[in-house]
Each structure stands twice: as structure tokens, then as C-alpha cells.
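Novice: Got a structure here, written out as C-alpha cells. Questions coming.
Nothing in this text is a laboratory measurement; each read-out follows from the coordinates by a stated rule. For clarity, every value in this text was computed on a predicted model and none was experimentally measured. Note that we place each Cβ from the backbone using ideal geometry, even for glycine, and neighbour counts take in every protein chain shown.
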Amino acid sequence: LESLDVGAIREQFPILQREFDGQQVVYLDNAATTQTPDQVVDAMSDYYRQTNANVHRGIHHLSQEASIAYEEAHDRVADFINADGREEVIFTKNTTEGENLIAYSWGLNELEPGDEVVLTEMEHHASLVTWQQIGERTGADVKYIQVDETGRLDMDHARELITDDTAIVSAVHVSNTLGTVNPVSELTDLAHEHGALSFIDGAQAVPNRPVDVKEIDADFYAFSGHKMAGPTGIGVLYGKQDLLEAMEPYLYGGGMIRKVTFEDSTWGDLPWKFEPGTPPIAEAVGLHEAVDWLEEIGMERIQAHEEEIAAYAYEQLAAEEDVEIYGPEPGPDRGGLVSFNLEGVHAHDLASIMNDHTVAVRAGDHCTQPLHDKLGVPASTRASFYVYNTREEVDKLVDALEDARELFA
Ligand SMILES: Cc1ncc(COP(=O)(O)O)c(CN[C@@H](CS)C(=O)O)c1O
């Protein structure tokens, strides 16, 4: 694979030139949100300047143009993840809303006492808290596939836990805390063998590696625009068409109906049935442009670059005797992020010292509190990488450790 021209890529992100206290920003918090290239910002600005109108309602030129742009964004995303078409691509606000859509629209109507929802111990709160609540309301039991000492899923435990009582398996594709890449095709096959559905949380996968939802054969798959060089305010829920056709919406209003009388209402076609009210139109234009931008670079090259930088960070940090790293060693089982702790220094203090060096990392539980409880730590510091990061930036992260030791250890 030809390596990325990181210099040329960085020139498309003015924010990466910013300085604080005379030091250029080192942005290593991409699992929280990625930066937005000029091409995407310009596409959204042009939309507001030239095309802005509401969709699916007006019969005037601008509304027709806006409607086409909104619909074609669905087609582009469908092509990007290898969905069958726009009918399988629902635009949401973010990954969290996509997970809630499945829980409310399918879970509340399908789950009953005796059913089981199988998660993993590394799930993000967007999934874990949602299924916990749905379990409480429906009487379904929530169970967790164990994470082993290497930070990988214990697949023997998965095979034991997924049974004919399992109604759905809900698993993260790439952990936002451990970096672990989970065997989502195997988990989906296990679910299907027992007549269960599979929901895959792809927030940390679609931006970073090629994802083919048909190859995984997931029934549902969710991700966010802002984590893939796109805007905030838009996410995607992929669902198999026959399942989405059978599901009742849980948000109602204009745009999602076919016919309304004083007595009753009927629902519109997919995906509009699940998109009530005025949708994120400019954001859809931005997401379309982000997909084009990513594919111009190539997802395989993006994955290779991220994993090379993450492997370098892992090795530099692992060489520090007082650093504990969580998750698998670099390789096919680790994505483009590294979470760690520096002995004797709380993650928040470490992140604060990093910030003194203008190194932007995340510290805390990364919305995976149960996982941190299992790791036996209250928090961790996480460096997460994207197409514009360099080895020199990793060196600045490692250099800042010394200050933290002097101040806190
Ligand atoms: C695996 C996973 N699943 C769901 C979400 C939620 O994405 P939203 O776009 O916020 O809805 C995230 C977002 N994780 C951010 C914010 S906690 C992080 O710093 O790790 C995620 O990583």
C-alpha cells in the first residue's frame, strides 16, 4: 500500500496549525471526534449559500435540489458500507440515537421476560445503558461476554452465553477504550445460529477501516458522521430492509407518514419512516462529502496509517516502565488508539500536563465505566489517531510524561 501524504492531508485542516502558548496543537483525541477537512466544510457552506431549502415538501427548484442532495447522501453512504440501498440507511443524530432506535423500535416491541440480550463487557454506554433500560422495561435479561486479560473477548464465554434464549447480540466493532477489534462476523454467526439478531456498534470502525455490512451480515450497524471527518449532528443506522419494514417507528411527525386521518395514520417508505421532521440536510451533504474524501484516500490506507501510528505509540509507551497499557498488543486485534495510565498520576492530571504541552488526549472512563471497574482503575488516558497524525506527535505525547512524573509521581 502506498503510504499517505500526511503533509498534503494536514494542509486541508487549518485547525491543526493552531497554536496555544506558542505551541502547535497535537490533536490525539480522534476517537472523541475527528477534525473536518476544508472539502467538507466548503460543501456544507455551499449548500447553505446555494441550495438551502426544506426537503420532501416543496415543489420549487431549491427544494427539489435539496431533496436530491439529501437522498443521494443516503445512496452514497449505502454504497460506502455495501448496504443494498437507501432503504437500509437511516440518518440519525449520532451512533447513540441509532442504538436507541433499535432498542425502542425493535427491543420494546419484541423483548419479553425470558429473553436475553448479550452484550460485551467493553460496550460503550450508548449501547450498555440503553439495553440495560430496555431490559428493565421488558423483563429481558442483559448478559455480558467477558473480556480476557489481553483485552480481547473470551469467545469460549461468548459461545456459552449465546443460546436459544438470546434475542439479540449487541457488540462494539472496535472498542473506544481498549482499541480491541472484535470478531463481529463470528459474533453475528453465533447470534444467527441461535435465531438471534446482531447489532454492531461501528462508531470506531467505519471511520478507520473498510466496513462491509453484508460481509459481516449484521442485522443492524450504527456509526457517527463526526468521527469520520464529517459534521456533528448526523449518524447512520444501517438495518436489513425486511427487519426495518417490520419495525414500528418510535418518533412520529411530518415526513415519516403516508396518510393521516383524525382516526389513524400510516407510515411512509424506508428510510423516511424513521426520519421524522426536518432532517439534518446540510449535515447529510457534509457526510456525503466526507465519504468521498475518505474514499479518495482509501480506507485500507487509512487503516494502515492509523495502525502504524498506534503501534508506534504502543511501543514508545510500553518502553516506559511506569506505564500500563490496556488492550491487545499491536496487530490485527488493535485499532488506532491506545489507552494507558502512568503510575502514581491520575489520568486527569496527566491529561492536564499533556495540555500544557498542547497535546490533546482524553482522560476519564470514555463512557465505559463498567470496563474501567473491571480493569480496576477509575480512569485512563487515551491517545487516538487519524489520517493527519504523525510519529513526531507521538514523541510529544511521550515527552510530556516526564513533566507529569516530576510534578505528580
Ligand atoms: C464505541 C462507541 N459507541 C458509541 C459512541 C457514541 O457516539 P456519538 O456520536 O456520541 O453518539 C462512541 C463515542 N465515543 C466517544 C465519546 S464518549 C469517545 O470519546 O470515545 C463510541 O466510541
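Novice: Among the residues of region 84-98, write down those that are within 14 Å of the ligand (Cβ to nearest atom) and either surrounded by fewer than 24 Cβ atoms within 10 Å (Cβ to Cβ) or polar (S, T, N, Q) (or both).
Specialist: T92, K93, N94, T95, T96, E97
Novice: So which strands (runs of 3 or more DSSP E) are wholly in region 312-409 and hold at least 1 residues that are more than 30 Å from V129 (Cα to Cα)? First the steps, then the outcome.
Specialist: On the way: elements: 323-326, 337-342, 362-364, 380-384.
The strands (runs of 3 or more DSSP E) meeting that bar are 323-326.
Novice: Pull up region 158-179, narrow it to residues that are surrounded by fewer than 24 Cβ atoms within 10 Å (Cβ to Cβ) and under 23 Å from Y221 (Cβ atoms), then point me to the one that is farthest from the ligand (Cβ to nearest atom).
Specialist: R159
Novice: While we're here: Among helices (runs of 4 or more DSSP H) lying entirely in region 1-108, which contain 1 or more residues that are in contact (Cβ under 8 Å) with a residue 40 or more places away in the chain, over 21 Å from G286 (Cβ atoms) and touching a Leu at 6+ places or on another chain (Cβ under 9 Å)?
Specialist: 95-101
Novice: For the condition more than 16 Å from the ligand (Cβ to nearest atom) and in contact with a helix residue (DSSP H, G or I) (Cβ under 7 Å, 6 or more places away or on another chain), what is the one hit in L101, L111?
Specialist: Numbers: L101 fails: more than 16 Å from the ligand (Cβ to nearest atom).
After applying the criteria, what remains is L111.
Novice: Looking for something exposed (fewer than 15 other Cβ atoms within 10 Å of the Cβ) and closer than 18 Å to S67 by Cα - is there at least one such residue anywhere in region 274-297?
Specialist: yes
Novice: Can I ask one more? Just the residues that are within 15 Å of the ligand (Cβ to nearest atom) and either farther than 29 Å from Q24 by Cβ or out of contact with any helix residue (DSSP H, G or I) (no Cβ under 7 Å at 6 or more places or on another chain) (or both), please, taken from region 368-382.
Specialist: Those that are within 15 Å of the ligand (Cβ to nearest atom) and either farther than 29 Å from Q24 by Cβ or out of contact with any helix residue (DSSP H, G or I) (no Cβ under 7 Å at 6 or more places or on another chain) (or both): T368, Q369, P370, L371, H372, R382.
Novice: Could you pull out every one of the helices (runs of 4 or more DSSP H) wholly within region 213-297 that has 3 or more residues that are within 16 Å of the ligand (Cβ to nearest atom), aliphatic (A, V, I, L, M) and more than 30 Å from E193 (Cβ to Cβ)?
Specialist: Output list reads 281-297.
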